[in-house]
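Here the structure is laid out as structure tokens; the discussion comes afterwards.
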Amino acid sequence: MKLYPLFADMHGLPVLVVGGGSVARRKAAALCDAGARVTVGAPRLDDELAAQAVAGTIHWQRGEFAPGWLDGMWLVIAATDDHALNAAVAAAADERRIFANVVDDAACSRFHVPAVVDRSPLMVAISTAGAAPALARRVRETLERVLDHALGALVTLAQRQRAQIVRRHENLAGRRAFYDWLHDGPVLPLLRAAREQEAEQLLLDALCGDEPPPYKGSVVLVGAGPGHPGLLTLQALRALHTADVVLHDQLVSGEILAMARRDAERIDVGKRCGGRQMAQEQIHRLMLAHAREGRRVVRLKGGDPFVFGRGGEELAFLRRHGVACEVVPGVTAATACAAFAGIPLTHRDQAQSVCLLTAHGKAGSDALDVQALGQRGQTLAVYMGVERVDALTARLLAHGRAADTPVAIVENGSLPQQRVIVGVLAELPALVKTHAVGSPALLIVGEVAACAREHAWFGELVDGHAEVAPAARTMQMEPA
Ligand code: SAH
């Protein structure tokens with residue numbers, strides 16, 4: 001069966017929903033949302049519908065269905081669980097030439113309610129004529145992922161300036177080029193950044209020129225999360241879908257890179273060439289060069305770009321050089337590793353604060369105020385801590401953190417090969433050695449780390465305490 005697609009203006013029109021349960025409630029809500037005047041007909045209403053009737057947002061027609069309810073209605077939805085009653089509603093509506101929909105009954109329905117992706121005023125409706133609702137839902141989910149949430153604002157803006165655009169570009173080819181610029185250029189990023197006025201001004205400036213302004217390149221600093229592709233944000237995925245060039249760190253997994261636009265150029269800036277990693281200045285220059293050539297650059301970094309990712313330096317450099325930038329946060333290793341190890345970073349009686357720190361960096365852990373870190377009740381999430389685990393442990397112990405403070409080492413957090421090793425602070429260096437902990441790994445120090453013993457739900461759990469040689473244990477128990 002082939003249907004005729006239709007978007008209906010329902011403002012102020014009376015419509016009827018037959019049924020008083022949760023399905024009727026959903027249908028009534030969508031119709032109210034579109035501005036219709038909704039009557040709900042049923043002997044009884046569920047609590048929420050009853051509250052809406054009292055509030056006056058819907059009208060309640062109390063009682064058993066009678067065809068007279070249809071008088072004056074523009075359309076009706078039958079949403080009871082009584083198949084015969086639904087069919088009777090549809091038949092009575094047909095007689096009166098009123099469009100009827102019967103929930104979950106395509107054969108009885110004169111119109112269908114599609115699955116929708118709402119970026120109003122842009123609205124995408126999906127129908128399989130009732131043949132495969134699950135597929136319609138699947139298509140909807142896909143579109144939800146790819147359609148930017150700022151598109152609604154773009155459509156509103158274009159609508160407001162439509163007359164101007166048509167006047168300025170009377171010839172069709174010119175108008176099409178202008179719209180291409182509007183859809184692909186710098187206006188949408190401004191709308192995403194909640195800067196409507198600037199976006200509108202840019203559009204007006206562009207209308208003054210003879211041709212749409214040339215594409216200016218841009219850079220999006222994107223957090224790719226800890227490795228698990230499911231932890232990518234929707235905004236990160238959209239940036240990858242539109243990127244011309246992806247400059248990525250080594251930590252970013254192949255699965256995530258595969259999600260970038262197929263013909264995007266991928267450059268590994270984390271690769272060690274002849275034993276040396278690309279210098280930060282070189283990465284800066286590369287981003288700038290690609291942006292200046294008018295490309296959409298994604299700078300893809302592990303975790304969150306602003307947590308031990310040098311994202312701050314990159315943003316400052318790009319802005320200093322006048323490059324348009326956006327930042328998309330990512331799930332940082334601390335929250336990801338904790339979640340995947342069953343360790344709540346804060347926990348009512350055990351931890352009231354969390355500290356993200358690195359034992360690496362310009363001055364190493366010497367620069368840290370370890371005094372504060374020695375306190376009970378604070379969870380420490382240590383990035384890049386494995387290499388300096390001896391010094392770190394010694395300092396924490398020397399500053400009063402108890403030798404039996406629980407610790408967890410999360411190696412390859414969120415990845416299939418994840419390993420969580422639990423023990424206590426005094427034996428942390430021994431745990432790292434005994435279990436040959438590799439990279440990347442995050443150290444969690446604090447009372448909450450013990451939760452992994454009970455609540456680890458992903459990958460492999462090793463109770464390291466039981467496995468560290470007794471000699472190593474006594475040796476490490478002496479604070480350095
Ligand atoms: N910007 C990143 C951190 C980069 S520093 C973020 O927000 O997560 C690199 C350090 O992060 C590693 O040495 C390790 O300590 C930690 N790390 C990153 N990914 C990790 C993972 N999947 N599992 C465990 N630790 C990880």
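The values are calculated or read from the model by the stated rules, or taken from the named source; none is laboratory data. The structure displayed is predicted, hence computed values, not measured ones. Backbone-built Cβ (ideal geometry, glycine too); neighbour counts: all protein chains shown. When the accessible area is computed, the model is the full protein with side chains, heavy atoms only, and any ligands, DNA or RNA have been set aside. Shrake-Rupley method; radii C 1.70, N 1.55, O 1.52, S 1.80 Å.
Odds and ends about this structure:
- Label sites at Lys271 and Leu135, each approximated as a point 7 angstrom past Cα along Cα to Cβ, lie 4.2 nm apart.
- Residues Glu313 and Ala194, FRET efficiency given R0 of 25 Å [Cβ-Cβ distance, rounded to 0.05]: 0.50
- Accessible-area value, Glu198, 1.4 Å probe, nucleic acids and ligands omitted, Å²: 90
- Pairwise Cα distances in region 218-331 exceed 23 Å in 19 percent of cases.
- When Ser22, Ser218 are compared by accessible area at a 1.4 angstrom probe, the order from most to least is Ser22, Ser218.
- Given a 1.4 Å probe and the protein chains as shown, Val245 ends up with an accessible area of around 0 Å².
- Accessible-area ranking of Phe7, Phe111, Phe308, largest first, probe 1.4 Å: Phe7, Phe308, Phe111
- Value of relative contact order over region 236-349, rounded to a whole percent, pairs C-alpha under 8 Å and six or more apart: 25
- Angle between the chain longest axis and helix 389-398 axis [Cα atoms, degrees, rounded to 10]: 80
- Accessible surface ranking that places the most exposed of Tyr215, Tyr4 first, with a 1.4 angstrom probe: Tyr4, Tyr215
- Portion, in percent, of the accessible area of the chain that falls on carbon or sulfur, probe 1.4 Å: 54
- Computed with a 1.4 Å probe over protein heavy atoms only, the accessible area of Thr242 comes to about 70 Å².
- Solvent-accessible heavy-atom area per residue, rounded to whole Å², over region 14-113 at 1.4 Å: 53
- Computed over the chain, the percent of Cα pairs more than 30 Å apart is 63.
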